[in-house]
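Here is the structure we will look at.
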Amino acid sequence: MGIRFDSKFDWLKNLRVQIGLLTLVGWAIALSVDRTYVESYRNESDQIFTAQGMMQMVRTRGQNAALIILSIFETGLFGVGLGFLVAVGFRVFKIKNSMLRKRMIWCWLTISFFLCSWWPHSTTHFLILTTGHDPLRDYITMETTFHWTITFCSVVLGYFQYDLIKLMYEVAMMRSKMKEGREVDPLKQEWYKNFNYQGFVIGIIFMAIAVPVAFHYQPLLPTYVAYQKFFFVTFHLVNSAVLAVGTTFAYIALRTILLLPPSPGKKVSIFSSIAITFLFVIQYPHPFFHTNTALKMNNTVAIDFGVHIPIVLATGVLAFYQFRMLELATDEKSSLSVAAQMRRKSNSGGSSQGASNGGSSMKTAENNSGSFGASSIEESTSKNSSATDNQPIEMKKIGGDDVTIDVHG
C-alpha cells in the first residue's frame, strides 16, 4: 500500500519528496558551476602543464570524458547532501528520545558533510596541482582538510551502526538467557571468552605492523621542516590506528553478528559491517596511492574511479541505512523507538523486571517490523505504542518459549 495524502499539497511534506526536490536543485546548481567556472580552471591547468612540457598531465579526449562522468556523479552526490542537510535538519532536532536524537544529529551532520564535500574534494585534488605552491604543502592541506574529515565521518557512522548491532545483540542474549536459564553472553563470562578483548589484541597486532610499514613507504626526509615532520609522524600514527580500529571492528562485529538469530536485521548488519570495515581499511593505503604514483593524468583518473568512488559507494550504503534509521527515529511508533525505550529503561532501572520489560518490548518490535534496518516509516509496533512509556508492561510465558506481553492501560 502506498502513502496517501489528505490534500494535493501534502506530498510536499514527505521527507523523501523534500530530499528529492532539493537534490535536483543542488545538482543543477553544482553541475552548472562545475561545467563553467570549475572547467575554466581545468582548461587553465592544461595550458600550464603544456607550457611546462608536462604533457602527461594534459587531458586527452578520453580522459576528459571520464572526468565529465565523474563530475556528473559527484555533483549529483552534492545535491543529495544538500537535500539531506536541509530537509532532515528540520526534523532531526524534533526526535523526542534523547539517545536517538544525539546519535541522529551526529549522523545527520556527518552524512551531510561527506556527501557535500566530495565534489570539492575530488575537484581540489585536480586543481591544487596548478597553485604553484610547494607540492608537499598542498598534500598536507588535502589530508587535513578532506581525508581526515571523511575518516572522522566514517568513524561516527561506524560507531552508530555498531551501536544498533549491539542493541540487537543485547536483546538476543537476553532471550537466550531466558530460554536456557543460564548466562550465555560471552562478554559476561570468563575473560578469555570475551571477544572484545580478543579484538583489542588483534588491533594492537595490526597497529604494530602498520606503523613501520607506513614509515617505510613514506619516510621522514631530512629536507622536511618541523611542521612537516610533525604532520607525517601524526599522520602515520593516525592512519595506522584507523587500520587497527577497522580490524578490531571487523572481528568484534563478526563475532557479534554470528550470535544473532536469523532476521532481516542480521542481513542488514552484515552488509553495513562490510562497508564500515572497507572504509576503515581503505584509509590506510589511500594516501600512498596519491604519493607513490607517477604524476600522470591516467593515474589521477584511475585513483578517482578505483579508490574515491568505492569509498563514496561504501559510505552511501551506510548513509542509506542511517537515513532509514532517521525515518524511524522521527516516528514514535516505530520499532527503533521502542528499542531505544528498552535501552533507556534497562539503563535507568537496572533490575530484572526492567530487563524483562525491555526484552518483551523488543520482541514485539521485532515481530512487527522484522528488522531495525529494513523497516519503513509506516511500520509500527502498535497503533498506540507511543503510550507504552507511561504504562506498565507485564511479561507472560505461554507453553515453551513463546513470550507475549500485556500492556495495562
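The values are calculated or read from the model by the stated rules, or taken from the named source; none is laboratory data. This one's a predicted model, so the numbers in the text were calculated from it and none came from an experiment. Backbone-built Cβ (ideal geometry, glycine too); neighbour counts: all protein chains shown. The protein model used for the area step is the full one, side chains on, heavy atoms only, and it has no ligands, DNA or RNA in it. Shrake-Rupley method; radii C 1.70, N 1.55, O 1.52, S 1.80 Å.
Restricting to the stretch 310-326, and then to whatever is open to solvent by 30 Å² or more (accessible area, probe 1.4 Å) and modelled with pLDDT of 75 or more, can you tell me which residue is farthest from K267 (Cα to Cα)?
The selected residue is P310.
Going through the stretch 275-293 one residue at a time, which ones are open to solvent by 50 Å² or more (accessible area, probe 1.4 Å) and either basic (K, R) or without any contact (Cβ under 8 Å) to a residue 40 or more places away in the chain (or both)?
Within the stretch 275-293, F278, V281, F289, T293 qualify.
So in the stretch 185-218, with the set limited to residues that are modelled with pLDDT under 90 and closer than 26 Å to R137 by Cβ, which one is most open to solvent (accessible area, probe 1.4 Å)?
Residue satisfying both the conditions and the ranking: Y217.
Name every residue in the stretch 161-188 that is of a type outside the set (K, R) and farther than 29 Å from T315 by Cα, in order of residue number.
Filtering the stretch 161-188 for residues of a type outside the set (K, R) gives 161-165, 167-174, 176, 178, 180-181, 183-187.
Those that are of a type outside the set (K, R) and farther than 29 Å from T315 by Cα: M173, M174, S176, M178, E180, G181, E183, V184, D185, P186, L187.
Yes or no, residue by residue, for (1) part of a helix (DSSP H, G or I); (2) at pLDDT 90 or above; (3) open to solvent by 70 Å² or more (accessible area, probe 1.4 Å); (4) touching a Leu at 6+ places or on another chain (Cβ under 9 Å):
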| residue | (1), (2), (3), (4) |
| --- | --- |
| L237 | yes, yes, yes, no |
| S240 | yes, yes, no, no |
| A244 | yes, yes, no, no |
| T247 | yes, yes, no, no |
| I257 | yes, no, no, no |
| P261 | no, no, no, no |
| K266 | yes, no, no, yes |
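With (1) in contact (Cβ under 8 Å) with a residue 12 or more places away in the chain; (2) open to solvent by 20 Å² or more (accessible area, probe 1.4 Å) as the list, and I95 as the residue in question, which single condition is left unmet?
(2)
Residues in the stretch 134-161 that are farther than 23 Å from F249 by Cβ, at pLDDT below 80 and part of a helix (DSSP H, G or I): how many? Walk me through how you get there before you give the answer.
Taking the stretch 134-161 as the starting set, the residues that turn out to be farther than 23 Å from F249 by Cβ are 134-142, 144-145.
Imposing the further condition that a residue be at pLDDT below 80 reduces the set to 134-135.
From what is left, the residues that are part of a helix (DSSP H, G or I) are 135.
Residues that pass the stated criteria total 1.
Quick test for you: out of T124, T131, pick the one residue that is within 29 Å of the chain's Cα centre (by Cα) and either open to solvent by 30 Å² or more (accessible area, probe 1.4 Å) or modelled with pLDDT under 85 (or both). Walk me through how you get there before you give the answer.
Working: T131 fails: within 29 Å of the chain's Cα centre (by Cα).
Selected residue: T124, the only one of T124, T131 that is within 29 Å of the chain's Cα centre (by Cα) and either open to solvent by 30 Å² or more (accessible area, probe 1.4 Å) or modelled with pLDDT under 85 (or both).
Can you confirm whether the stretch 49-59 contains a residue that is open to solvent by less than 60 Å² (accessible area, probe 1.4 Å), within 17 Å of S122 (Cα to Cα) and free of Cβ contacts under 8 Å to residues at least 24 places away in the same chain?
No, every residue in the stretch 49-59 fails to be open to solvent by less than 60 Å² (accessible area, probe 1.4 Å), within 17 Å of S122 (Cα to Cα) and free of Cβ contacts under 8 Å to residues at least 24 places away in the same chain.
Taking the stretch 26-38 on its own, how many of its residues are within 31 Å of the chain's Cα centre (by Cα) and open to solvent by 20 Å² or more (accessible area, probe 1.4 Å)? Steps first, answer last, please.
Of the residues in the stretch 26-38, the ones within 31 Å of the chain's Cα centre (by Cα) are 26-35, 38.
Then keep just the ones that are open to solvent by 20 Å² or more (accessible area, probe 1.4 Å); that gives 27-29, 31-33, 35.
Result for the stretch 26-38: 7.
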